[in-house]
1. Please compute the average number of Cβ atoms from other chains found within 10 Å of each residue's Cβ in peptide A:37-48.
2. How tilted is helix B:118-138 with respect to the longest principal axis of chain B? Cα atoms for both, answer in degrees (0 to 90, nearest 10).
3. Let me see the P(r) profile for the protein assembly as shown: every Cα-Cα distance counted, bins of 10 Å, each bin given as a percent of all pairs.
4. For A:Gly54, what charge total do you get from the other residues with a beta carbon under 15 Å from its beta carbon, if Lys and Arg give +1 and Asp and Glu give -1?
5. Defining a contact as two alpha carbons under 8 Å apart and six or more residues distant in sequence, what relative contact order in percent does the stretch A:32-149 show?
6. Kirkwood-based Rg over Rh for the stretch A:1-60 (C-alpha set), two decimals?
7. If you take the Cα atoms of the stretch B:304-349, find Rg, then find the Kirkwood Rh from the mean of 1/r over all pairs, what is Rg/Rh?
8. As I understand it, the dipole of the protein assembly as shown uses +1 on the Cβ of Lys and Arg and -1 on the Cβ of Asp and Glu, about the Cα centre. Which of A:Ala19, B:Leu188, B:Val322 lies farthest toward its positive end?
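The values are calculated or read from the model by the stated rules, or taken from the named source; none is laboratory data. In this text the structure is predicted, and so the values were computed from the model without any measurement. Positions of Cβ are backbone-derived with ideal geometry, glycine not excepted, and every protein chain shown enters the neighbour counts. What goes into the accessible areas is simple: the full protein's heavy atoms, side chains included, and nothing from ligands, DNA or RNA. Shrake-Rupley method; radii C 1.70, N 1.55, O 1.52, S 1.80 Å.
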Amino acid sequence: MKTATGIIRALNSGIKHLAVKRFTLRYPEEKLEFVGDGYQFDPSTGVGIAGLKGRHMLFHDHCTGCQLCSIACEGVAEAIGMVKVPEEQKQNKKSIMPQIDYGKCVFCGLCVDACPFYALYMTNDYELSSFSKEGLIYTPAQLAVKPYVRQDSSIQITERGATHG
Amino acid sequence: MTLNVGPQHPGSGHMRIIVQIDGDHIVACDPDPGYVHRGEEKMAEYRNYITNIPHLERPVIHDSCNILYPYVLGVEELLGIETPERAKYVRVIASELNRCIYTMYWLAIYGIFLGHSTMFMWPAGDRELLIDLMEKMTGARVTHAHFVPGGVRNDLPPNFEDVCLRQVNYFEKRIKEYADIFYDNPILISRTRDTGVLSRQDAIRLGTTGSVLRASGVDYDVRKKEPYDVYDELDVNTNVMKEGDSYARSRVPWLDMMESCNIIRSALEKMPSSGSVRVKLKPNPKGGHDTVYKRVESGRGSLGCYIVSDGKPEPYRVKMSVGSFRNLIALPYLLKGEKLGNMPAVYWSLNYWPVEADR
């Protein structure tokens, strides 16, 4: 008897969920909302600003070509290489800037922590897939573009359960 | 007959279990870990104290805050850093959330291997509530690289306390619903009750830890016995069951999750509302000639980290003593005389994570 009531209770618990709205995020149609503009770091206080660790963003007018981001990445993923850029910036005598290979990057953000010149931040862009390995290597010119990320859905908790909406 | 379960079998999880069977009964069992050994401890000797962080959390990506915790505490003692009060609370919240994320993942696997596919879908879905919180907090869904010596990488986002409280409350309400469908389900009870019984004496003698030890009736939790960071200011209640069978071992982590929700709520309440969360370090910090051992309670039991420093920016030796490996020792004792069909129920109840045991 106890077994029968136990099974009925278990079934009943599942049946109750037929009336509940679904929690699943329908990914390509709706995309998650994030806090802020991506992970950033303030070298004066030494504390980061919360945000998603996605694709990087490089500010050409701040980058001095000091290679600290590349050195920080050496022990982690070796994803950052310094390459020559055609443009001439006043603060960048050697004209070298980071180029990031997203086939290797682990998105830990230690390069952002290493940058003392407010030149390297991370953005909310997480859709980085490519058909070739070369397509994953982002040149300094590509990194300078601020991505547009659609954010239209976050977790809503109501009386009838949680949904993405 | 000898039967190899694994190492590429979903039921063993990247580990080989060599089972000797006679008919349907297991005569002897020899677990053979090491298939996913990555040499994390050796790698740590070639990287400095900060760049060690992203790769040391790789063994358990679902519990990445907890596996970094003893390393970070150890490096703090080596370098003589005093962590700000707010950072300690942020760490406690992050590690409790991570414990729940890990336990939900484990529960999903435990459910599917007992043939309960609803118990795979529900924890995998409800885990999303906490992953969303961790993403807001640290910027990554898994492998957060959030803890550093001297605090945490970034402060909490604005309005985080309210969002966290709301989602944790809802999460607790959801996991209480698991009682009807899973834990009080007579089918689960008949599968797991009295299989793989580990007595209190054996649990202590074999050196098991975490939920396996608590399910055998030993009230031991590192958070309570040797409080680290601010656990001494928070109320930590441990859940102990006396039976020591697979059912008790699967129930204790579930009860621990509810306790984690309580800890998160009281930590949010007591956390200082402002203040620094990270101490500024020199670029390549060096430790003195010293050794340090720190341990914390992870999702799988006590997790210790032994660091030897010889005055260089890189550690001389990093040794991790993980809960998974210590619990695996009990497997041959538990499986002896069991039926082969009970193997998944006993094996997964050990709360075992192969990658962590291999490191």
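1. Details: counts 0, 1, 5, 2, 2, 1, 1, 1, 5, 8, 12, 10.
So the per-residue partner count for this stretch is 4.
2. That helix lies at roughly 10 degrees to the long axis.
3. The calculated distribution, bin by bin, is 4, 18, 27, 26, 17, 7, 2, 0, 0.
4. On the way: positive: A:Lys31, A:Lys53, A:Arg55, A:Lys146, A:Arg150, B:Lys136, B:Arg141; negative: A:Glu33, A:Asp37, A:Asp125, A:Glu127, B:Glu135.
The answer is +2.
5. On the way: 234 pairs, mean separation 39.9, N = 118.
Over the stretch A:32-149, the number comes to 34 percent.
6. Working: Rg = 23.3 Å, Rh = 16.7 Å.
Rg/Rh: 1.40.
7. Working: Rg = 17.9 Å, Rh = 13.4 Å.
Reported Rg/Rh (Cα atoms, Kirkwood Rh): 1.34.
8. Toward the positive end, the furthest listed residue is B:Leu188.
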